[in-house]
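Report on the following structure.
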Amino acid sequence: MAKWLELSGDFSCNNRCLGCYSISGDASRMSTGEALEHLRHGRAEGARWLWLGGGEPTLRRDLFAIARAARAMGYTRVKLQTNGMLLSYPDYVSRCVDAGITETTFSIKGATAASHDRLTQTPGCFEHLQRGIDEWCRRGLTADGDILLYRSGLPEFVDMIRVFHARGLERFNVWLFSATEFGEGTLADEVPKIADAIHAIGEALALNLSARTDFITSLHTPPCTVPRGLSACLFHAAALELIVANPGGYRFRLEESPIEGGHYLESCIKCTLRRRCNGLRQDYLKVYGDAEFQPETEPDDRPIPVLRDVVGLDYGADGGGSEEGGDSGSRA
Ligand code: SF4
């Protein structure tokens, strides 16, 4: 069974982000008919929430047709994962809402135009992103941030949280840059050390900007690297119950992706946290080795974070809310 279907229709994008697969030149593309077939499959497998990813999904001319079809099939949440550039146009936001898109998650690389545009390699991108967030949030719609953390972005991580939360984003997912697709060399220098990322997340949480218990979720940091006091930022890929559909008929569970980890050390066998650990990424081990990953021998009594993407849109700042996702897209 599944909760989410993530549809990545193609890999084209109007940004040129450092290290992103979208600049590899892969032109494979899912037709509208194939996308609709994936929607039907997803519903048959139990999915009721749709995640529109890519590439940049707003570049697809059939985006609104797909969103409308999804809502007609019974998908109650339709999430748009976007760099925000096209959402800077008010008419485009209106069309998203009319088509039934309920929420967005905006891709963030830096806290300033200089850093964001350097990593997206797209002049003017930061300004469009800001305007896109403003257009979306002024309608009272749900909006999160996806921070792709590069090593060179670590010094301004706390500012990214502060700046974009002030702008209207409710919570953040932190992805650690991976050099998986491009091997070693210069890009491997941009992989942040987990200990440094966790330290930065701790600093951001210490600002107490939000009462949300799922304010920051860290996707690529195994539980053994996260101090007990920061357990709320833990992420377990399998908990999303998410099926990814890519061009070429590829379908797989999120937890099977090498980006999520999947590799375990010999010493992991005795770790009490293993049942909710996504494992390690091979590219990370090549850069930093395995010294950070020490098995937990005490019983696993850490609380399991309750995430909005697991329980539903109504999961709000007070840590409560309904068990099932709302379908209005309005803020809880
Ligand atoms: S299973 Fe291994 S990587 Fe995962 S938390 Fe335990 S020691 Fe860390």
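At a glance:
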item: Cut-off of 10 Å, at most 12 other beta carbons, DSSP loop: longest stretch of the chain lacking such trypsin sites (Lys or Arg not before Pro); result: 139-332
item: Under 15 Å from the Arg131 label point (7 Å along Cα→beta-carbon), backbone N, segment 87-107; result: 87-94
item: Net charge of Cβ neighbours under 13 Å - reference Pro305; Lys, Arg +1; Asp, Glu -1; result: +4
item: Mean residue ellipticity (222 nm) of the chain, computed from DSSP H runs ≥ 4 via -39,500 (n - 2.57), nearest 500; result: -8000 deg cm²/dmol
item: Charge dipole of segment 236-310 about the Cα centre (unit charges at C-beta), most positive-ward option of Leu240, Gln282, Leu307; result: Leu240
item: Listed pairs Lys79/Lys109; Lys79/Lys286; Lys109/Lys193; Lys3/Lys270 exceeding 23 Å between Cα atoms; result: Lys79/Lys286; Lys3/Lys270
item: About the Cα centre, charge dipole magnitude for segment 4-311 (Lys/Arg +1, Asp/Glu -1 at Cβ), debye; result: 800
item: Label-to-label distance, nm, for residues given as Glu256 and Thr112 (7 Å Cα→Cβ offset); result: 4.5
item: Distance (nanometres) between label positions extended 7 Å along Cα→Cβ at Glu266 and Leu209; result: 4.4
item: Residues Asp301 and Asp26, FRET efficiency given R0 of 45 Å [Cβ-Cβ distance, rounded to 0.05]; result: 0.50
item: Over the chain: Kirkwood hydrodynamic radius from C-alpha pairwise inverse distances, Å; result: 20.2
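FYI, it's all coordinate maths here, none of it is from the lab. Here the structure is a predicted model, which is why all the values come from computation and not from measurement. Neighbour counts run over all protein chains shown; Cβ positions are idealised from the backbone, glycine included.
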